[in-house]
Every structure is written in C-alpha cells, then in structure tokens.
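Participant: One structure coming up, written as structure tokens, with questions to follow.
Laboratory data are not the source of any read-out in this text; all were calculated from the coordinates shown. These figures come from a predicted structure and were not determined experimentally. We place every Cβ from the backbone using ideal geometry, glycine too, and count neighbours over all the protein chains shown.
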Amino acid sequence: MATALAGIPRAETKLSAKDFKTDLKPIWCPGCGDFGVLAALTKALSEVQVAPENVAVMTGIGCAGRLPGYVNGYGFNALHGRVLPLATGLKLTRPDLLVFAAGGDGDGLAIGAGHFPHAARRNPDITYLMFDNQVYGLTKGQFSPTTPMGDVTTTTRFGSIESPVNPATLAMAYGASFVARAFSGNVNHHAEMILEAFRHPGFAFIQSIPPCVTFRGNEQFKTIRERARWLNTDGNDHDPSDWGAAWEIANQTDIYDMSFGIIWRQARPTYEERLGFLREKAGKRGPAELDSVLDQFRP
Amino acid sequence: MIDVATSTTPAGAVSARRTTDDIVIGIVGSGGDGVISSGELLVSAAAAEGLYATILKSFGPQIRGGESSCRVRISREEALSYGDRLDVLVAFNWADFARFKEELELAPGVVVIYDSKDGTPVDQIPVDPALEPVILQIPFHELANEATGSSLSKNILLLGVLGELFDLPTDGIAEAVERKFRRKSEEVRAANSKALAAGRAYVLRELAEAPVPLSFVHEKGEPKLLMTGNEALAFGALKAGCRLYAGYPITPSSDVMEWLANELPRFGGTMMQTEDEIAAIGMCVGASFGGTKAMTSTAGPGLSLMTEFLGLASIAEIPVVIADIQRVGPSTGIPTKTEQCDFAHVAHAGPGDTPRVVVAPYDVADCFHMAVEAFNIAEEFQTPVIILSDQYLGQRKESVVPFDIHAWPVVDRLTFGGNGAEPYRRYRQGDGDVSPMAIPGQAGGEHTISGLEHVESGDPTSSSAVHARMNARRHAKLERLARERGAELVRTFGAPNPKLGIVCWGSTSAQAREAARRLNRAGHAVGVCVPQLLCPLPVEPIAAFLEGVERALWVELNHQGQFYHYARARLDLDAAHGHLYARSGGMPFSVQEIVDQVLALGEA
C-alpha cells in the first residue's frame, strides 16, 4: 500500500495557514459556516507542509464553489455537479498533486449524484468535502436533497414533502474507503478531519456541516456546538474499521443529534496503484514505441 | 475499367471473359457462416498484394448471431468508395439476403453464387433477370464437410472458390488465412488449407467448361496497411501525445476506446471508462488542466451530454479533443448507420458565444492526420476541438499507403516560464489571443480558473466591459486559425481547372472524389473542394475554388444541408454556385448518385 502524500513534493519553508489564503475577499454572507471550512482547510494544508503549487482545489458550483479562489494554490471552480470527474482526471494523470475536491449538498447529491458512487468505488487518492448545509444558498434558499422533510424553503412554502438522503451512508454504501464528519464551528477538529483525509490513501469523503445562517437560521452554530458528540474523545470510543458501528454513526441524520469524527476507514489499493499494475501487464504487449504500434496494421 | 478479352480456359475451351481491375464482392449469411471473416481475409490478401481494398460491414440488430453482410472492393487504383454495385454476390442463404437487399445493389451481369443447401431453385432467386446474372449453385456445406469434416470451414472454402473463379491472388489469400490462424492448432491450420484447396479444386473440376465471364487482373505491388477510421483516429491521438482517454461506450465510437484501452497503458497513459459522457469529458478537462493531452470520443447522444463541458473548456481556455463518430440521429436514431447529421450541433452547441474548432477527416488515413491536427490546434489555440467522423468512415476498414508517422509535427501548448516579480495572470492582456498556461506544480503560477467570466488573473468578474474584451480574445483565436491555417486545411481534388465543382466534407468526400474521377474520364472537368477545417470556416480558399468553377454542387449526408447553410451565411453564393444535394443518411451516397447530380448540374 502506498502512503498518501508520499509522492507529493513538500514546501521548503515552513508555511502557516495564512500563507494558504489569497487576498480575494469571499462572497460568503457574514457569519457563514463556509469561513470555518476555509480556515480548517488552510490549517490542514499548512500542517501537511505541501507547497502551494502542488495543491489543486477543485469545486462545482454553489457557495462552496467559490472556495478555490480563496486558497493559495491551483484552483478550478468548474461546473455544477462535475467536480469529481474533473478531480479524478487530474489526479490520475498527476499523482504528484494534492487534489482537494469540494461542493455543496445540491452539487454532489442532486445534479452531480451520478458521479459520487463511481469516484468512491474507483478509490482515487483525492479528498472530497461536501459542504452539507441542507439548502441551496447561492440561488437563495431552495430546498436541497438533504433538507429535512417538512422544512419550509422558498420552493417548499408548505414544507418539504421529500425524504432527504444521507451523504455519509451513501458514501459508505458506494465504497468510499474513508468517511468522516466535521462541523465548521470547530475549526481545529475540522482541520484534523481534513488532515486525516489527506493522509488516507484513497477516496476520502468528509461530510462537513457549515451552517447557512442566511437561509437556515442563526441558531444552528450554537445548538450543534452544544449537542455535538466528538468521536474518540470524552469516552465516545469508536473503531472506524468496524463496519456495523460505522454504519450506525453514519446513519445519524439530525444535525442536532450527531457524532463528528472519522466514521469509517478501510485500507484498499488506490486507483493509481491499480493503474500501475495494469500498465505493467500492458507493457508485455511490446515497447512503448509508435513504430511497433504501426506493425499491427500490416496485413 | 472493364474490357473484353479472350481467354483460354484450362479445359482448352475458348470463351469471352471480361477483365477488370476493380471488383466488388458482397457476401451475405447468418451468424456462424463467417461471412465477415471471409471478407476480412480477402481484404488482407489484397493489401498484402499491394492492391487497394476496402470492406464495409453490415449487421442485423441482434447482439450476437443474426444476419450479417460485408462488401469488399479490391482494385488496382485507389478504392475511394465502397463501390456502388456488386460484381459478385455470395449468399449462403436467401432469407438473409432479403434483409440487406436495399444496401446491396447488383451490377448487370452480376455473378451470383449461392449455397445449394439453401434449396431455392435457380429461377426463383430474388435477383432481377434483367440484370442477366450468371448464377452458380455451389454445395458449400457438403464440400466443406467432405474436405474438413465440418461445414464451419465453408467460409474458407469460399475463398478458394472466389480466388480461382475470378483470378484473385490465390497465394495471397492462402497466406492471409495462414497469418490469421497462425496461433491456432496445427489441426485448424491444416483444415483451412484443405478447405481452400477443395474450393479451388471444385472450380477447376466443375466450372472449367464454363468459366465465369469476369477475371481480375493485377500485378503485385508494395504492401498496404489496413486500418479502420476509428483505429487511425485513435492511433493519431496516441501519436499526438494523448495520454488520457475517457469515454462511455457508444456505437459507432467504442472501437476508439477499445483500441486505446490496449495501447495507452504501455505508453504510461490511461483509458478510463466513465459513468457517462459528462464524466468522460470532465476527466479530459481535469487532465488537461494538469498538462496532460486528453481526448474523448462519442456519437450524437453522448455529444448532447458533453455540451456543458464544451462551454467550460471554451471559456476557461483548456485544450481538449472530442471525436464525434456520427450516426443517424436525432436522439438514438439508427445507431449502426452513418449520417453527417451532427454538424449543426457541433458548430453551435452551447449557450453563450462559445468558440470551438471543428475538423473533419476525409478518408481513413486522414483520420490519423486530423487526430494529430486536432490536438495540435487544441494545444496551440487552447480551445476545444471536435473531430467529425462518422460510422462509414470510422468503421470501414481500408487499405492505406504506408506513411511516415514521424513526419507529422506535434505541437505542445505554450506554458508558463516564470514572470519574475510580476504575478502570473492566466489571461493576460497583451499576450494576444492565448497566454502561457501555468500547469499545477509550477511555482509562481498558482491561479484559479472557472466557468465564470474572469479578469486577466482568472478571478471572477461581472463587468460587461471585461466580458466583451474576453469574448473578443476567445474569438480572435478562431479568426487567426482560419487566417493562418485555412489554406492548407482545404483540399482540392479532381481536374486541375474544373468547370464544375463539388463541395463536400468528411466521409462523403470519398464518393465525391470517385464521382469526379469517373466524370473527368468521361470528358467533364470536375473538381472537388474538401474543407478539413469546418469551424472556423476557411472562407478565402473555398471562395477561391468557387470562383474558378462555373457551377458548384454542395453534397452532404443529412436532411437539412447543415454545413451548406452554415457556409452560405459566410460566403457570397450565387445560384450557380449554390446548388445543394443533401439527403438523409443510413446508406452513404453512391458514386453514381453524385455523378447524376453533377451531370444534372451541367445541364442546368
């Protein structure tokens, strides 16, 4: 098994979280939970000591989509729901980069839901962070695939009549080899989750809860902080290699009754590793020379 | 070119035999009859002999088994098209022939060979007696059983029969069979030899008294290569430096993916079969952002899904190549049949003022060249490039004169070399229409790109003034491409000073060129203008061609005349130069069809 980060060049000088922030002013609302995720990400990047030029932050569309502009590194704010193909394409051709993919709950579970299972089962060595604020923020307050049933939004004036999906159980069922849950109100813990995701060789999924103070009320920060359970602290022992226990934690859907931490972790060859085996096998066809390829067209 | 000669048969009898250096053979049968394999072996023998050859296959809708047919054309001169009419028809049974009748037009005097086992009396076979066919019933099943103990070898036995009957290169056929089965057991190879010999012996024994009135004359030449358009396109991509192919299976483009799945890994590349076409092009854009040349290929339905990423690649200025192997549309259409019906989509697809480049190869060898060219243009102009091929071009196997794969230059994108103290700006004004691309990993080049309109640094903007400037920058590339490369990407064929002109693109060029060849020999001065670059339209070289001819006919295989109307909007066409012949696809144009249209033009 390869260790993640092994092939990624590190910064020569000590970098701080601040070194990973750009001068661009975020468009996020005052008090937005996304600021906490940005702080956690830059903190984790500084702890990895990867050089900014070897970082690629890629996103879909939504409030979260603006993230790359605020991180010092290479960034790509791409299409709605399409960040995972983009990030996979980059990582498997450039294993020397730290590839961080992110998007909202609508981005990843509505329009982009078709890509999530395939990225998870292929297991490329990327981190995928879902900003799960349970609402469409950028388009100003419509319900999303994770909005609880009954909630009133701009498109559900009489309460949502749809059952929400659960990102964490989906990730496990799809075969993600790392699943964690983080809360943007606890930047240190959140940064630790991102750091663990970076260190994990394979597809690392983080369900992040960054409260949307504009469309989901400003009570969320306070209430989550009061009620959150932190895995493997305060006696909340959890073995992330125990599927049954992991599933039970992943299955929590009420943001006010949730455990945060590493839920599931599994050692499995990455896509890039398997690609290496495949190339070795394919090499037996002959040398990598165009002339020998041409020979197959001779009658 | 057929003339009548007098030949002496082995039995000493004298009979009139037409000689030809251009023969079209159709073979029809059910799954298991091995008709495709027979056709492939004929073509392989011909190419090894230095002849020109082409094979077009056709299948029923069944996944496995079912009826299949192929038409093989072998000629001394370049076989530009599939050959309009069959000189020889082989039917293992007539029920299967009925399904392909629409596609298999027979020539007068056609030699019809069918298996006695079919049982249809000679006077009841579904061939028009007015054609004065020469009909032979041959007991393929029995002969094969006798010779090898199995009727399965009847398709090989058929090759022995055809070789001897029509004076095809019989040694070459034997070698082609041996080549194909060289890894099989001694037993299989011995059975093949016996089947071939039995076929030849049958002809010498039973038909010596009345030889068929058609003889193929040729001499041995330099061996040709044999490839399909899809293989040539995939090979061109590999040559151009493509190291990521991502795609989703779709007829008739999947062979591109299958070929690259075999070849890319040993070159350190990757073939990724994705969950859909959106992911396919998404992976390509992601890889190209990281500096890796990438391609996807698809057909109409998949192209619909790729449209959003086409727009992203355009605004973000990311090189990417998309091959569209067109099939009959709209929607699912007829997946296994050809049509040039996606032009309007690829020329305009995408909301916004989306720049893109479209190129179209005109024959199998050109699929290789246009693939290299597509990558070169994508890299140089930092924009998506679409290759418009189609089922007829992509899936037909054709002899190709050996070419030097190293002679084609490969262009790489302009990359960032460091700005000194100045911060990197991805879309710097003053660079012209393209700026050096900083590739992740390059220190000092860190930046963010997006599908949002942006200022020079790549950061988003809502400024309409900046938007206008960036639109102009992105479209200036297209103008430059047409200006700098247009002339060399418009090909002309046929008479040197034509009076009548044909303008066409893509696979239709094959039949148009052959139509011109036929007309020129009959004393008409006909030229063919084939733009390989369709978008941006190289207006000047096409206009120059049109100025030189008195009348012009635009030919394309779609209902609306999609390219014609696009070109009309950009060229000043008078009535004499604006004749259109467009029809729905399914069946490619025949040469005669185009000849007739051009002759009608001459009389207009």
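Participant: For B:R182, B:R551, what's the fewest-to-most ordering of other Cβ within 10 Å of each Cβ?
Facilitator: Exposure proxy ranking, most exposed first: B:R182, B:R551.
Participant: Lys/Arg Cβ at +1, Asp/Glu Cβ at -1, dipole of the protein assembly as shown taken about the Cα centre: which of B:A365, A:L129, B:I315 is farthest positive-ward?
Facilitator: Of the options given, the answer is A:L129.
Participant: Also, quick follow-up: For B:E422 and B:A522, compute 0.36 nm times the residue count separating them, minus their Cα-Cα distance, and round to one decimal in nm.
Facilitator: Gain on stretching B:E422 to B:A522: 29.2 nm.
Participant: So what are the ³J(HN,Hα) numbers for segment B:86-93, from phi and the Karplus equation (6.51, -1.76, 1.60; θ = phi - 60°), rounded to whole Hz, Gly and Pro as x?
Facilitator: Those phi angles translate into 7, 7, 9, 10, 10, 10, 6, 7 Hz.
Participant: Turning to a different aspect of this structure: Amide H neighbours of A:F205 under 5 Å, counting only residues 5+ apart in sequence or on other chains, H built in-plane at 1.01 Å?
Facilitator: A:Y128, A:F178, A:V179, A:A180
Participant: Could you put B:S297, B:S590, B:S584 in order, starting from the residue whose Cβ has the fewest other Cβ atoms within 10 Å?
Facilitator: B:S584, B:S590, B:S297
Participant: Describe numerically, in nm with one decimal, the distance between label points set 7 Å from Cα along Cα→Cβ at B:E187 and at A:D96.
Facilitator: The two pseudo-label positions are separated by 5.5 nm.
Participant: Turning to a different aspect of this structure: I want to check the label-to-label distance for B:Q592 and A:E47. Put each point 7 Å from Cα in the C-beta direction and report it in nm to one decimal.
Facilitator: 7.9 nm
Participant: Roughly how many Å is it from the Cα centre of segment B:455-528 to that of segment B:364-397, as a whole number?
Facilitator: 14 Å
Participant: Using modelled backbone amide H atoms (1.01 Å from N, in-plane), which distant-in-sequence or interchain residues come within less than 5 Å of B:G50's amide H?
Facilitator: Hits under the 5 Å cutoff: B:G221, B:K224.
Participant: Taking the Cα centre of segment B:489-603 as the origin, how large is its charge dipole in debye, to the nearest 20, when only Lys and Arg (+1) and Asp and Glu (-1) carry charge on their Cβ atoms?
Facilitator: Approximately 280 debye in magnitude.
Participant: Would you calculate a helix-derived [θ] at 222 nm for the protein assembly as shown, using -39,500 (n - 2.57) for each DSSP H run of n ≥ 4 and dividing by the full residue count, to the nearest 500?
Facilitator: Estimated from H runs of four or more residues: -10500 deg cm²/dmol.
Participant: Whose amide H sits under 5 Å from the amide H of B:F416, counting only residues 5 or more places off or on another chain, with H placed in the peptide plane?
Facilitator: Those qualifying (amide H under 5 Å, at least 5 residues apart or on another chain) are B:M437, B:A438, B:I439.
Participant: Which FRET efficiency value, to the nearest 0.05, do you get for B:H406 and A:L278 by plugging their Cβ-Cβ distance into 1/(1 + (r/R0)^6) with R0 = 45 Å?
Facilitator: 0.95
Participant: Next up: Can you compute the modelled spin-label distance between A:E289 and B:S462, with each label point 7 Å from Cα toward Cβ, in nm?
Facilitator: Distance between the two pseudo-spin positions: 6.1 nm.
Participant: Follow-up. Would you mind checking the tilt of helix B:186-206 against the longest principal axis of the Cα atoms of chain B, expressed as 0 to 90 degrees and rounded to 10?
Facilitator: 50 degrees
Participant: While we're here: Roughly speaking, what is the centre-to-centre gap between segment B:245-280 and segment A:222-237 when only Cα atoms are used, to the nearest Å?
Facilitator: So the separation of the two Cα centres works out to 46 Å.
Participant: Mind listing the phi-derived Karplus ³J(HN,Hα) values for segment A:154-164, rounded to whole Hz, using 6.51, -1.76 and 1.60 with θ = phi - 60°, and x for any glycine or proline?
Facilitator: Whole-Hz 3J(HN,Hα) from phi for segment A:154-164: 5, 10, 9, 4, 9, x, 5, 9, 9, 6, x.
Participant: Which entries of A:K284/B:K194; A:K43/A:K91; A:K43/B:K293; B:K194/B:K224; A:K284/B:K337; B:K293/B:K397 have Cα-Cα distances beyond 30 Å here?
Facilitator: Checking Cα-Cα distances, A:K284/B:K194; A:K43/B:K293; A:K284/B:K337 exceed 30 Å.
Participant: So, one more: Estimate the FRET efficiency between B:A98 and A:A173 by the formula 1/(1 + (r/R0)^6), using the beta-carbon distance for r and 41 Å for R0, to the nearest 0.05.
Facilitator: 0.20
Participant: Within 10 Å of each residue's Cβ, count the other Cβ atoms and sort A:D105, B:D412 from fewest upward.
Facilitator: B:D412, A:D105
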